[in-house]
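Working notes, structure below.
Nothing in this text is a laboratory measurement; each read-out follows from the coordinates by a stated rule. Bear in mind that the values here come from a model prediction, so they are computed numbers and not experimental data. Ideal geometry is used to build each Cβ from the backbone, glycine not excepted, and the neighbour counts take in all protein chains shown.
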There are 2 protein chains.
Amino acid sequence: MLAVALSLYTEVTVEEADHLSITSEGEGSELPADMTHLAARVAAKIVGHDRLAINVRSDIPVGRGLGSSASLAVAAAAAAGAADPLKEAAAVDGHPENAAASVLGGLVAATTVNGAPVAVELALDPELRFVVLVPNRPLATHRAREALPAQVPHADAAFNLGRLGLLIAGLADHRMLLRDATDDRLHQTARTPLFPESSHLMAGLVEAGALAACWSGAGPSLLGICTAEASSRVQTAGEQLLKDTGVPGRALLLEADHGGVVTG
Amino acid sequence: MLAVALSLYTEVTVEEADHLSITSEGEGSELPADMTHLAARVAAKIVGHDRLAINVRSDIPVGRGLGSSASLAVAAAAAAGAADPLKEAAAVDGHPENAAASVLGGLVAATTVNGAPVAVELALDPELRFVVLVPNRPLATHRAREALPAQVPHADAAFNLGRLGLLIAGLADHRMLLRDATDDRLHQTARTPLFPESSHLMAGLVEAGALAACWSGAGPSLLGICTAEASSRVQTAGEQLLKDTGVPGRALLLEADHGGVVTG
């Protein structure tokens with residue numbers, strides 16, 4: 001599947017120490033500072049022991065479908081000296097596309113081939129900006145996954161393949177990005193009962209000038225894909241939509257990051 | 001879905017006449033020269049009557065998964081003066097991607113949105129060539145369609161979406177084209193009993209140097225995607241593979257056509 005790296009960052013440092021310590025700032029700083037912390041698990045696996053002083057600073061809201069754990073796993077793996085942060089992060093996170101976007105930056109297609117993550121870069125129009133509606137309430141990923149049916153109509157699988165082609169073309173050139181390119185029959189509809197306001201919010205983003213809108217990952221964050229020119233208008237509309245629908249949250253205006261993971 | 005326009009052509013002329021006549025050369029010339037002929041149906045619909053002299057000349061083998069009917073419908077619609085040959089051809093053929101490749105040339109993603117065909121162009125690496133194994137025996141499209149299950153596992157739908165992303169990236173830049181990019185769980189496996197030799201033939205194309213191989217449409221033609229440098233070797237191997245497996249047929253070496261439909 002696809003993922004795009006956006007301009008929200010997670011920084012991790014890992015140093016040898018007498019015993020495990022984790023200090024944490026920003027998003028996710030409420031998580032337990034012990035070996036259950038994803039950064040500790042990833043770093044300890046790579047270094048081979050847990051006598052580490054780990055510092056985490058993150059901009060990425062947790063549990064919102066924004067790939068915070070993939071980003072954290074990539075940063076922790078890289079900070080601990082992993083030869084292949086993508087492999088390490090995909091192994092713990094299970095989302096090769098999220099980890100791939102964090103490692104490579106930009107727009108990526110990634111999947112698992114014979115048990116290993118495989119990622120390739122796709123063209124992304126530099127004109128595009130991303131308005132992300134981030135509800136204050138998280139949506140547990142496992143609940144979002146359980147909402148998916150085990151079987152789907154063949155026609156729905158074909159429907160999504162058709163839309164994916166349109167979406168990739170539209171992300172490469174925003175003039176070809178159709179609102180219909182983000183239509184989906186494999187997860188958004190099944191997950192809507194977990195977030196009934198989502199359809200109205202996505203329609204509102206498009207009404208305000210976004211070219212297309214979709215769920216970000218398993219939600220509840222929603223993505224409005226727009227041109228730079230329309231982006232402030234869409235962000236302002238997004239803030240208002242959240243207020244009007246009684247969904248506490250923020251509308252972030254982000255751009256694509258093309259640097260990927262940075263070490264040193 | 002995706003389609004690529006390859007260097008096999010169908011030419012159609014349509015002229016006003018006293019009564020319907022159809023002359024036909026090349027592939028498909030054995031089809032009945034009456035109103036059941038696709039070119040006649042398409043042209044008569046556009047012109048508004050059937051007093052037409054239609055001439056058809058085609059390179060494209062019929063009933064082999066090579067999009068011959070979409071190509072014929074596009075050519076007939078354009079020759080009859082259709083304002084939108086894609087719409088006309090997709091309406092009779094039901095394959096918007098085949099018609100879109102014939103109209104636009106190159107690599108296209110196309111699907112049906114609210115009942116209308118929508119097509120967008122995708123990047124295609126000019127280094128790529130296409131070796132097409134064309135068995136002499138056709139595979140009826142309706143049988144190939146009937147082989148598809150009504151329901152598929154959600155995981156298989158996700159599998160194909162992941163592969164489609166890899167494939168689009170690899171077609172844009174052959175250095176990223178992985179053999180696994182054409183793996184499929186939605187139609188090739190279900191159709192293999194209709195053409196048991198297909199797996200061996202595709203593996204043989206890759207063994208001979210193709211970057212990846214897949215069914216062409218609903219088959220039975222098989223596509224080996226390769227670099228220009230490897231293409232003669234793959235074609236030669238393809239001819240030999242057909243002989244060795246006892247499947248009478250040809251191995252064509254084709255390149256992408258970027259002109260699309262040409263009128264006048």
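Say a paramagnetic label sat at a point 7 Å from the Cα of A:E255, along Cα to Cβ; which residues of the stretch A:211-229 have their backbone N under 17 Å from it?
A:225-229
Say we join alpha carbon atoms closer than 10 Å with springs in a Gaussian network model of chain A; which of A:H174, A:H49, A:H95 then has the biggest fluctuation?
In the Gaussian network model the winner is A:H49.
What is the set of long-range amide H partners of A:S21 at a cut-off below 5 Å, with H atoms built 1.01 Å from backbone N?
Here the answer is A:L52, A:A53, A:I54, since their amide H atoms fall under 5 Å of that of A:S21.
May I ask for the net charge around B:L6, where only other residues with Cβ less than 11 Å from the Cβ of B:L6 are counted and Lys, Arg are +1 while Asp, Glu are -1?
Neighbourhood net charge equals -2.
B:S7 versus A:A116, label points 7 Å from Cα toward the beta carbon: distance in nm?
3.6
Using the count of nearby Cβ atoms within 10 Å as a rough guide to exposure, how do A:T23, A:T263 rank from fewest to most?
Sorted ascending by nearby Cβ count, the order is A:T263, A:T23.
What value, in deg cm²/dmol to 500, does the helix sum -39500 (n - 2.57) over DSSP H runs of n ≥ 4 give at 222 nm once divided by the residues of chain B?
Helices in chain B give a 222 nm mean residue ellipticity of -11000 deg cm²/dmol.
For A:K87, give me every one of the aspartates and glutamates with a C-alpha distance below 18 angstrom, ignoring sequence neighbours fewer than eight places off in its own chain.
A:E97, A:E121, B:D180
In nm to one decimal, list the spacings between the B:G259 label point and its equivalents in the other copies, with label points set 7 Å along Cα to Cβ, shortest first.
Its label point is 4.9 nm from the equivalent points in the other copies.
Please list the helices of chain A that count as membrane-span-like by this rule: a mean Kyte-Doolittle hydropathy of at least -1.0 together with Cα atoms stretching 18 Å or more along the helix axis, each helix being a complete DSSP H run.
A:154-172, A:228-244
Which one, A:A70, A:A91, A:A100, has the greatest fluctuation when you compute a Gaussian network model over chain A with C-alpha springs under 10 angstrom?
Fluctuation is largest for A:A91.
What is the protein assembly as shown by shape, rounded, prolate or oblate, if you read a ≥ b ≥ c off the alpha carbon gyration tensor as root eigenvalues and call it rounded for a/c under 1.5, prolate for a/b larger than b/c, and oblate otherwise?
Values: a/c = 2.62, a/b = 1.73, b/c = 1.51.
Judged from the Cα gyration tensor, the protein assembly as shown comes out prolate (a/c at least 1.5, a/b above b/c).
Can you compute log10 of I(q)/I(0) for chain B with the Debye formula, treating each Cα as one identical point scatterer, at q = 0.08 Å⁻¹?
After summing over all Cα pairs, the log10 values are -0.32.
Can you put A:T10, A:T189 in order, fewest other beta carbons within 10 Å first?
A:T189, A:T10
Using the beta-carbon distance between B:D18 and B:T192 and R0 = 41 Å, what value does 1/(1 + (r/R0)^6) give for FRET efficiency, to the nearest 0.05?
Efficiency, from the Cβ-Cβ distance: 0.25.
Where does the charge balance sit around B:T245 when Lys and Arg score +1, Asp and Glu -1, over other residues with C-beta under 12 Å from its C-beta?
Result for the local shell: -2.
Report the label-to-label distance for A:V62 and B:R51 in nanometres (one decimal), using points 7 Å from each Cα along the Cα→Cβ vector.
So the label points at A:V62 and B:R51 sit 8.0 nm apart.
Determine the sum of side-chain charges near A:S231: Lys and Arg each +1, Asp and Glu each -1, restricted to other residues whose C-beta is under 11 angstrom from that of A:S231.
Around A:S231, the charge tally is -1.
So how much slack lies between B:T36 and B:E239, counting 0.36 nm per residue of separation and subtracting their Cα-Cα distance, in nm?
Full-extension gain reported as 69.6 nm.
Hey, in the GNM for chain B with a 10 angstrom Cα cutoff, which one of B:A43, B:A101, B:A83 fluctuates hardest?
B:A83
Rounded, prolate or oblate: which fits the stretch B:128-254 when a ≥ b ≥ c are the square roots of the eigenvalues of the alpha-carbon gyration tensor, with rounded for a/c under 1.5 and prolate only if a/b beats b/c?
Oblate shape, in that a/c is at least 1.5 and b/c is the bigger or equal ratio.
For the stretch A:21-138, rounded, prolate or oblate, judged on the Cα gyration tensor with a ≥ b ≥ c (square roots of eigenvalues), a/c < 1.5 rounded, else prolate if a/b > b/c?
oblate
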